[in-house]
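K.L.:
Handing you this structure, nothing more for now.
The values are calculated or read from the model by the stated rules, or taken from the named source; none is laboratory data. It should be emphasised that the depicted structure is a prediction, and the values quoted were computed from it without experimental measurement. FYI the Cβ positions are ideal-geometry reconstructions off the backbone, even for glycines, and counts take in every protein chain you see. For the accessible areas, the whole protein counts, side chains as well, though only heavy atoms, and no ligand, DNA or RNA atoms are used. Shrake-Rupley method; radii C 1.70, N 1.55, O 1.52, S 1.80 Å.
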Amino acid sequence: MRFFDYIRLALKNLTRQKARTTLTIIAITVGSLSLILMISILISVRQSLMDTFKAMGAFNLVTVVRDPNSIDNTNLIGSGNNSPTDDNTKKIDDTTLAAVKKMPGVSDAVAIPAGPWFKTMRLDGNDKKTWSSLLASDPSADVFDLILVAGRKLNSTDMDKVVVGSDFLTKYGDPSNPSGLLGKKVLFSSDKGAGYPDWGDLPPKPPFNADKSWWDSQNQGSLEISAEIVGVANNSSMDSQQNYITLGWAHKLMTQLTWQEDDNGMKECQQQQQQQQQAVKMSGNYSNNNSSACDSFRTMTLVKTDNFLTNGYGSIIAKVYDTSKIQSVADQITKLGYGAVTAQNMIDNINNAMLMVGIVLSVIGGISLFVAAIGIINTMVMATFERIREIGVMRACGATRAIIRRLFTFEAALLGFWGGVFGLVISFILVRVVKILVTKYGASLGNLPISNIGNFPWWLVVSVIVFTTLIGMLSGLGPAIRAARLNPVDALRYE
Amino acid sequence: MIELKGATKMYELGGEKIYALDHVDLKVDKGDFIAIVGPSGSGKSTLANIIGGLDVPDEGEVLVDDVNIAKVNDATISNYRNKKIGFIFQSFNLQPTYTALENVMIPLIFSGISLSQRKKRAFECLKAVGLEDRVSHMPNQLSGGQRQRVCIARALANNPEVIIADEPTGNLDSKKGIEIVELLKELNQKSGITLVVITHDPGVARQAKRVVEIKDGRIR
């Protein structure tokens, strides 16, 4: 029997029971649809993450963090965690930076402080506040490249200058005219109670008789520090809420000014008084003890606390010449006692997470396909029962057992095949519709990596069809074998 | 051409062995016209099925051109049914969803003939039974006699050496029955096709060259 005749006969038999065939195919379509959508969402999410990394140049970067064990929760380009209570970790300072810069394979490295921590920021003249997010680094280091849409990059000597990111632009400016923001001021604000930085106003000198209520009044209100916008960056593919300042300014902002009582003068005065009193006592000449006379010697001095010096940097980001050197650089960093985060770690993490998600999604898709497979089995069992006499006639006309078996297997495989094809077609249409909706009402969906979802790779198309066809074949095999085993004499006599 | 030697077929019924065929010896020669007669349950159909290769005996031999088809594989015996035998059934066993032409094409599918050749050959067969103007009719659009003619055309499709007809006139009125028997006789006489006809119609049996009477699985 010719191959093409199997297909012709199978098609003919399937169209005989149109309703049943349609329902069975719908079941497989739903199964394959869920599988396709889940796989393609998984692929596209992963792809867009990888694209983001690539856009960041992340495949050439190694991040040095304090904790040698924390490689999971750190952003690749981020400030890390330099909380001083972390006693087990090693401080990242300029010595570390120098050591990392000297490592073979490293082209340049830049220190990222874990601050400054302003609470909110807003554009001058605009009351809308947003959470402040600042990344400080040395602009002279050639580590990561910001793409600017307006203005200039930061210079190492820039103070109170800021390059704002994409989120800032969409919130406060006109995305079609980013230069409109240039020259405007950003006001960063923090609670007064958090302390005064070494920039702008000095903290008010506490009076001699400063009591709790005075200090409480000092802690109320907020402190505002302004910076001029010199550039607008297009960082939408990475950390779009991030804004950028120089390390030099950050150093100033991270240095805290506090008034501390200097009572050395007063103590000296009191000692002198005591000595005088003793001398008077010995001479027998008593006088009133006037201790307040020394208060004028009490002084307040302004003390600078350099947080960079005490706490070190949050992290160091090193750029590596060649992606293949990443691991060796990471190993050298680990040997120094620091944690090293590479894109590979993150990719591994993403892959692990995706694998888990993938397993869960596949199980769901698998269940729906399993149900569909039962549908196929049911349909084929029904078909063999209905056609027992026909099987007898075919056998009488010279069909071998193998031909009967193949005929029914072909039918089942065709059910699976069409299910896979319709699943693909429907998911393709669905994705198109979703894409149109997203471009129309896009903002509400945020940063969903929807753009990649519709692009089914060819291997997915082929494997889905092969897979559903195979499921059809396997489901049909049992009923087909039963049909082939029928005794032709009994089959012809069957009523 | 076909020779049965001690062909035996039995069934177990309630632990008791019942012989459908009991050591039957029969020779079917080329061009023969054999009528197998006997009461129902006597083993007529079993005998015809064994001759046609639809069934195999539990004991004994079925020699077709000196090959014992009781001992060959499924592919060989299927090929034998396909090429050398044509079956005609009392209830026609036509495919209700196929046209007359498509019904006649069924045996040709299994012999691997191309679609155009199949159509050509099936049309010839329908013409031979006088149904060239009923080619695209569905079985339910045909009369009983016409249906049996389609069945005969289907049996003729692969130019068989033997046609086995199990009660070919059983579902037809006597006038149509006579027509069908005449048609079969003509095929026997003109084309030299061997006929094995199971019947309990004495009128049909009378037309045969040889009558084999069977009772309780034995030839008398």
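K.L.:
Subtracting the Cα-Cα distance from 0.36 nm times the residue separation, let me have the gained length for A:Leu430 to A:Val462 in nm, one decimal.
P.N.:
So the chain would gain 9.6 nm between A:Leu430 and A:Val462.
K.L.:
Using 11 Å as the cut-off for backbone N distance, which residues of region A:122-154 belong to the label zone defined by a point 7 Å from the Cα of A:Asp51 along Cα→Cβ?
P.N.:
Label zone hits: none.
K.L.:
Then there is this: Could you order A:Trp259, A:Trp418, A:Trp458 so the one with the most accessible surface comes first? Probe is 1.4 Å.
P.N.:
A:Trp458, A:Trp418, A:Trp259
K.L.:
Sticking with this structure for a sec: Let me know the mean shielding of B:110-119 by other chains, meaning the per-residue number of their Cβ atoms within 10 Å of its Cβ.
P.N.:
Working: counts 10, 3, 3, 3, 3, 4, 0, 0, 1, 0.
For peptide B:110-119, the averaged partner shielding equals 3.
K.L.:
As a test of the formula, what do you get for chain A when each DSSP H run with n ≥ 4 contributes -39,500 (n - 2.57) and the sum is divided by the residue count, at 222 nm and rounded to the nearest 500 deg cm²/dmol?
P.N.:
For chain A, the value works out to -17000 deg cm²/dmol.
K.L.:
How do B:Val72, A:Val329 rank by accessible surface area computed with a 1.4 Å probe, from largest to smallest? List each step's numbers first, then the result.
P.N.:
Details: B:Val72 50, A:Val329 0 Å².
From most exposed to least exposed: B:Val72, A:Val329.
K.L.:
On to the next question. Taking the simple approach of a point 7 Å from Cα along Cα-to-Cβ for both A:Ser226 and A:Val303, what is their distance in nm?
P.N.:
In this crude label model, A:Ser226 to A:Val303 measures out at 3.3 nm.
K.L.:
Using Cα-only point scatterers and the Debye equation, what is log10 of I(q)/I(0) for chain A at each q in 0.05, 0.06, 0.10, 0.12 Å⁻¹, rounded to two decimals?
P.N.:
Computed log10 I(q)/I(0) values: -0.40, -0.52, -0.91, -1.09.
K.L.:
Continuing with this model, one more query. With angles folded into 0 to 90 degrees, how steeply does helix A:3-16 sit against the dominant principal axis of chain A? Use alpha carbons for both and round to 10.
P.N.:
So the inclination is approximately 80 degrees.
K.L.:
Suppose each label sits 7 Å from its Cα in the direction of the beta carbon; what would the B:Glu59-B:Lys17 distance come out to in nanometres?
P.N.:
About 0.6 nm separates the two model spin labels.
K.L.:
Show me, bin by bin at 10 Å from 0, the whole-percent P(r) of region B:41-152 based on Cα pairs.
P.N.:
13, 38, 30, 17, 2
K.L.:
Please find the FRET efficiency linking A:Asp331 to A:Gln256, where r is the Cβ-Cβ separation and R0 is fixed at 35 Å, and quote it to the nearest 0.05.
P.N.:
Once the sixth-power term is evaluated, E becomes 0.40.
K.L.:
Now, a different point. When DSSP assigns beta bridges and you keep just the ones with both residues in the protein assembly as shown, what percent turn out antiparallel, to the nearest 5?
P.N.:
Numbers: 62 of 87 bridges.
About 70 percent, rounded to the nearest 5.
K.L.:
Follow-up. How far is it, in nm, from the label point at B:His200 to the one at A:Thr15 when both lie 7 Å from their Cα along the line to the Cβ?
P.N.:
So the two model labels end up 4.4 nm from each other.
K.L.:
Averaged over its residues, how many other protein chain Cβ atoms are within 10 Å of peptide B:47-57's Cβ atoms? Write down the numbers at each step before the final one.
P.N.:
Working: counts 0, 0, 4, 1, 0, 3, 4, 8, 4, 0, 0.
Mean number of neighbouring Cβ atoms from other chains: 2.
K.L.:
Helix-derived [θ] at 222 nm for chain B: sum -39500 (n - 2.57) over DSSP H runs of at least 4, divide by residue count, nearest 500?
P.N.:
Details: 7 runs with 80 residues, N = 220.
Result for chain B: -11000 deg cm²/dmol, rounded to the nearest 500.
K.L.:
In whole percent, what relative contact order does chain B give with Cα contacts below 8 Å and a gap of six or more residues?
P.N.:
31
K.L.:
What does the extension gain come out to for A:Thr95 and A:Ser156, with contour length at 0.36 nm per residue minus their alpha carbon separation?
P.N.:
Values: separation 61, 0.36 × 61 = 21.96 nm, distance 1.96 nm.
Once the chain is fully extended between A:Thr95 and A:Ser156, it gains 20.0 nm.
K.L.:
Mind grabbing the accessible area of B:Glu186 for me, 1.4 Å probe, Å², rounded to tens?
P.N.:
The value for B:Glu186 is about 90 Å².
K.L.:
From the cross-link list B:Lys17/B:Lys44; B:Lys120/B:Lys190; A:Lys101/A:Lys185; B:Lys120/B:Lys209; B:Lys71/B:Lys127; A:Lys91/A:Lys205, which pairs have alpha carbons spaced over 27 Å apart? Don't jump to the answer; show the numbers that get you there.
P.N.:
On the way: B:Lys17/B:Lys44 18 Å; B:Lys120/B:Lys190 21 Å; A:Lys101/A:Lys185 35 Å; B:Lys120/B:Lys209 33 Å; B:Lys71/B:Lys127 38 Å; A:Lys91/A:Lys205 33 Å.
Those over the limit are A:Lys101/A:Lys185; B:Lys120/B:Lys209; B:Lys71/B:Lys127; A:Lys91/A:Lys205.
K.L.:
Which of the cysteines in chain A are isolated, no other cysteine C-beta under 4.7 Å?
P.N.:
Those would be A:Cys397, since no other cysteine Cβ in chain A comes under 4.7 Å of theirs.
K.L.:
Just counting partner chain Cβ atoms within 10 Å, what average do the residues of peptide A:477-485 show around their Cβ?
P.N.:
Averaged over the peptide's residues, the number is 0.
K.L.:
Give the accessible area for A:Thr89 in Å² (nearest 10); use a 1.4 Å probe, count only protein heavy atoms, and leave out ligands, DNA and RNA.
P.N.:
20
K.L.:
In addition: I'd like the FRET efficiency for B:Lys27 and B:Thr97, computed as 1/(1 + (r/R0)^6) with the beta carbon distance as r and R0 of 45 Å, rounded to 0.05.
P.N.:
For R0 = 45 Å, the calculated efficiency reads 0.65.
K.L.:
Something else: Which order do peptides A:427-433, A:43-49 fall in by mean Cβ count within 10 Å, highest first?
P.N.:
Working: A:427-433: 15.1, A:43-49: 18.4.
Result, highest mean first: A:43-49, A:427-433.
K.L.:
In addition: Calculate, for A:Ser140 and A:Gln278, the FRET efficiency according to 1/(1 + (r/R0)^6) with r their C-beta to C-beta distance and R0 51 Å; round to the nearest 0.05.
P.N.:
On the way: r = 64 Å, r/R0 = 1.25.
So, using R0 = 51 Å, E works out to roughly 0.20.
K.L.:
Among B:Ile163, B:Ile113, B:Ile51, which one shows the biggest mean-square fluctuation in a GNM of chain B, springs joining Cα atoms closer than 10 Å?
P.N.:
Highest fluctuation of the listed residues: B:Ile113.
K.L.:
Angle check, please: helix A:458-485 long axis (alpha carbons) against the longest principal axis of chain A (alpha carbons), in degrees 0 to 90, nearest 10.
P.N.:
That helix lies at roughly 40 degrees to the long axis.
K.L.:
Percent relative contact order of chain A, based on C-alpha pairs within less than 8 angstrom and at least six residues apart?
P.N.:
Details: 827 pairs, mean separation 137.0, N = 495.
About 28 percent, as a whole number.
K.L.:
Can you give me the solvent accessible area of B:His200 with a 1.4 Å probe, rounded to the nearest 10 Å²?
P.N.:
Accessible surface of B:His200 is approximately 120 Å².
K.L.:
Further, regarding this structure: Could you sort B:Glu102, A:Glu268, A:Glu411 by their accessible area in this structure, using a 1.4 Å probe and putting the largest first?
P.N.:
Sorted by accessible area, descending: A:Glu268, B:Glu102, A:Glu411.
K.L.:
Name the residue, out of B:Gly43, B:Gly203, B:Gly86, whose mean-square fluctuation peaks in a Gaussian network model built on chain B with Cα pairs under 10 Å.
P.N.:
Of the options given, B:Gly203 has the highest mean-square fluctuation.
K.L.:
Taking the Cα centre of the protein assembly as shown as the origin and placing charges on Cβ (Lys, Arg +1; Asp, Glu -1), which of A:Ser368, B:Gly52, A:Gln242 is farthest toward the positive end of the dipole?
P.N.:
Sorting the options by dipole projection puts first B:Gly52.
K.L.:
Using only Cα atoms and rounding to the nearest 10 degrees, what angle (0 to 90) does helix B:144-156 make with the longest principal axis of chain B?
P.N.:
Taking the Cα atoms of chain B, the angle to B:144-156 is about 80 degrees.
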